[in-house]
Amino acid sequence: GVGKAVMPIGTEQLASLLSALETLGLSKPFLFPTEDGGIQAEWSFPDTEVVVEFSASFDHAEVHGTHLRSLASREGQVDLGAANAIQAIGAFVESFAPGAPV
């Protein structure tokens, strides 16, 4: 009952971005609204978790991945207006997929 509504333009852009990520071979993530009106995408793999939080304005995304056994993690930010945004998010998620080096 708290927080801001997700803007329709953000959901449309996210749907397009997720479709593009699927063409790169990524599975569909779980999606959750955030309190500030953004959208959080989560990929769960056997030993890793990846979270990509898309801002309410859909201009950037915060990325965070954790190896659950070692607790090693990485984080960063992706400019969603950049030409390589889809590839950057895809590469980040894939770096935590099964078989990727820790």
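The values are calculated or read from the model by the stated rules, or taken from the named source; none is laboratory data. Remember, predicted model here, so these are calculated numbers, not experimental data. Please note: Cβ atoms are built from the backbone with ideal geometry, for glycine as well, and neighbour counts cover all protein chains shown. Surface areas here come from the heavy atoms of the whole protein model, side chains and all, with no ligands, DNA or RNA. Shrake-Rupley method; radii C 1.70, N 1.55, O 1.52, S 1.80 Å.
Is it true that some residue in region 62-80 is out of contact with any helix residue (DSSP H, G or I) (no Cβ under 8 Å at 6 or more places or on another chain), in a helix (DSSP H, G or I), open to solvent by 50 Å² or more (accessible area, probe 1.4 Å) and free of Cβ contacts under 8 Å to residues at least 24 places away in the same chain? No. Identify, please: which residue in region 81-94 is under 24 Å from Pro46 (Cα atoms) and not hydrophobic (A, V, I, L, M, F, W, C) and is, among those, most open to solvent (accessible area, probe 1.4 Å)? Per the criteria, the residue is Gln87.
The number of residues in region 45-61 that are in a loop (DSSP other than H, G, I, E, B) and either open to solvent by less than 70 Å² (accessible area, probe 1.4 Å) or not acidic (Asp, Glu) (or both) comes to 7.
Return the residues of region 16-30 that are farther than 18 Å from Ala97 by Cα and under 12 Å from the mean Cα position of the chain (by Cα); say none if nothing qualifies. Residue satisfying the conditions is Leu17 alone. Scanning region 1-44 for residues that are assigned to a loop (DSSP other than H, G, I, E, B), open to solvent by 40 Å² or more (accessible area, probe 1.4 Å) and touching a Ser or Thr at 6+ places or on another chain (Cβ under 9 Å) returns Gly3, Lys4, Val6, Met7, Asp36.
Of everything in region 38-66, what is hydroxyl-bearing (Ser, Thr, Tyr) and farther than 19 Å from Lys28 by Cβ? Give them in sequence order. If you could, list the steps in order and put the result at the bottom.
Filtering region 38-66 for residues hydroxyl-bearing (Ser, Thr, Tyr) gives 44, 48, 55, 57, 66.
Hits for region 38-66 are Ser55, Ser57, Thr66.
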